[in-house]
Every structure is written in structure tokens, then in C-alpha cells.
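Data first, discussion second: the structure below is written as C-alpha cells.
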Amino acid sequence: MSASEYLPSSRSLRTLSRAARDCQGCELYKRATQTVFGAGRAGSQIILVGEQPGDREDLEGLPFVGPAGRLLGEALENAGIDRELVYVTNAVKHFKWEPRGKRRLHKKPSARELAACRPWLEAELEAVRPQVVVCLGATAAQSLLGRNFRITQQRGELVSSDLADCVMATWHPSAVLRAPDKPARDRMRGELVDDLRRVRSVLA
Ligand code: URA
Ligand code: SF4
């Protein structure tokens, strides 16, 4: 099972996101409210790839609109990158969660779910044709750069890839929010902003 049989023959962002609403390429659609497809324009210079929609994104149907999205928006602003020029998406398009009291707790997608959802991400990359792909966190990095990629060692490095002119992996904004204390949080936030500044500096 994978998303591939749900991909439309016409591959514009509009037709892709419409088709993704009906995807049943893995089990995750069953417990989620809706598909959260990427947002932004074809031709965006940068594509940011997160892990999967969170609770707020699941309810609103848009990527990075919750607390992690707020932190990401601030980091982009600090780096001098206009969010309007960035296409934002996730490695997996449905929210995976387990109940914890009244809350829905985020659960990491499996390698199988990542692989099942990859056709959507590949189609987005082809439709957007960005100069730089930024993986937010280890899940996106491992989906796009392979399972041996280690974000703690290779964070912020510009690596060459056939996905785009440059690919970089940096901290996931949720990892910054989950940092154990304020000094760690401030350091990670600073590194995220520095990495995004470097991304901006390589844009043509
Ligand atoms: N975390 C993600 O990885 N993606 C979102 O869209 C929101 C939170
Ligand atoms: Fe389809 Fe991806 Fe949702 Fe699975 S997570 S049902 S592959 S859109």
C-alpha cells in the first residue's frame, strides 16, 4: 500500500492537493480529521519539510499553524526569509496520534508510513522545483536523505542531492520547544535561525 495509486495524472499543486484529500495509501487517514497537504506556491525558492501535521494542523487542514509553526515563523523572520516565498509541507500528510487523557499525543510515523506517503512529497518537489530543500528534524531528513543521516552531526550542512541544488537539515521547531531547559532552548533556536540564514545566503 502506498500513496502512488492516488496520485493524479495532472501534477499541479492544485490537482495534487485535491487528490491527496482522498488518499488511503496507509492506515493514518482513518484516525485523522483530514489530509494536511503542503502550502505555498510553485516556484518557491525554499521548501521546508516537517514530520507530520500536529493537533492544530489536523483541525485546520494547514501545515505549521500551531505552536511549532509560530516558532518557525519567528525563526524565518529572524533569518530574513519571507514566509510567503516558502513552500511548507510534511513528510507524512496525516496526523498520527494516541489518546492521553483528553489530549491527542503526537506519535512518530513509522518507516513504512513515511515510505507510503513519499510519492506526495516527491510530487510536491517536482511541482515546486525549489532551489533549497530544508528538512526540519530527523524524520524528514531520514525520509529524504536516507536512514544513515544523523541530524546531531550533520545539522546545518549544505549537502548536494538530486532533490534540489542544496539540501539542509536543521532542528525541528517542536524539538526546540521540547528542549529540557531555557539555555538549551535558546541555543537550539539560535542554531535554527543561523541555519536558515545560511539557506538565505545561498539563494540565487
Ligand atoms: N510539526 C510538523 O512537523 N509539521 C507541522 O505541520 C506541525 C508541526
Ligand atoms: Fe496517504 Fe500519506 Fe495520509 Fe498515509 S499519511 S493516508 S500515504 S496521505
| request: Leaving out ligands and nucleic acids, note down the accessible area per residue over the range 23-94 with a 1.4 angstrom probe, in whole Å². | output: 40
| query | Taking a ≥ b ≥ c as the square roots of the eigenvalues of the Cα gyration tensor of the range 113-204, is the shape rounded (a/c under 1.5), prolate (a/b larger than b/c) or oblate? | reply | oblate
| When the helices in the chain are scored as -39500 (n - 2.57) per DSSP H run of 4 or longer and the sum is shared across all residues, what 222 nm value do you end up with, to the nearest 500 deg cm²/dmol? | -12000 deg cm²/dmol
| task | Grab the chain and count how many Lys pairs have their alpha-carbon atoms under 17 Å apart, sequence gap of 8 or more, or different chains. | result | 8
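Just reorder 106, 172 by solvent-accessible area, largest first, 1.4 Å probe, all chains present.
Order by accessible area, largest first: 106, 172.
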| request: Sum up the charges of everything whose Cβ sits under 11 Å from the Cβ of residue 143, counting Lys and Arg as +1 and Asp and Glu as -1, but leave residue 143 out. | output: -1
| field | Interchain or long-range residues, amide H under 5 Å from residue 96's placed H | value | 107
| remark: antiparallel share of DSSP beta bridges within the range 3-203, to nearest 5, in %, is 35
| Taking the mean number of other Cβ atoms within 10 Å as a proxy for protection, how do you rank 4-13, 91-100, 187-196 from highest to lowest? | 91-100, 187-196, 4-13
| Given labels modelled 7 Å from the Cα in the Cβ direction, how far is it in nm from residue 112 to residue 179? | 3.7
| What helices does the chain have that are whole DSSP H segments, at least 15 Å long along their own axis by Cα, and with mean Kyte-Doolittle hydropathy of 0.0 or more? | 111-128
| remark: Output row, site residue 77, 7 Å Cα→C-beta label point, backbone N cut-off 15 Å, window the range 177-196, residues 193
| said: How charged is the neighbourhood of residue 26? Take every other residue with its Cβ under 13 Å from the Cβ of residue 26, and add Lys/Arg as +1 and Asp/Glu as -1. | reply: +3
| field | Given charges at Cβ of Lys, Arg, Asp, Glu: the chain dipole, positive-most of 13, 67, 89 | value | 67
| note | For the chain, the percent of accessible surface on carbon and sulfur atoms (probe 1.4 angstrom, ligands and nucleic acids excluded) is 46
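Could you tell me which of rounded, prolate or oblate describes the range 3-203, using a ≥ b ≥ c as the square roots of the eigenvalues of the alpha-carbon gyration tensor, with rounded for a/c under 1.5 and, failing that, prolate when a/b is larger than b/c and oblate otherwise?
Details: a/c = 1.59, a/b = 1.16, b/c = 1.37.
Since a/c reaches 1.5 but b/c is at least a/b, the shape of the range 3-203 is classed as oblate.
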| From a point 7 Å beyond the Cα of residue 201 in the direction of its Cβ, which residues of the range 161-191 have a backbone N at a distance under 19 Å? | 165-171, 188-191
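The values are calculated or read from the model by the stated rules, or taken from the named source; none is laboratory data. Being a predicted model, the structure only gives us computed values, none of them experimental. Backbone-built Cβ (ideal geometry, glycine too); neighbour counts: all protein chains shown. All accessible areas refer to the heavy atoms of the entire protein, side chains included, with ligands and DNA or RNA removed. Shrake-Rupley method; radii C 1.70, N 1.55, O 1.52, S 1.80 Å.
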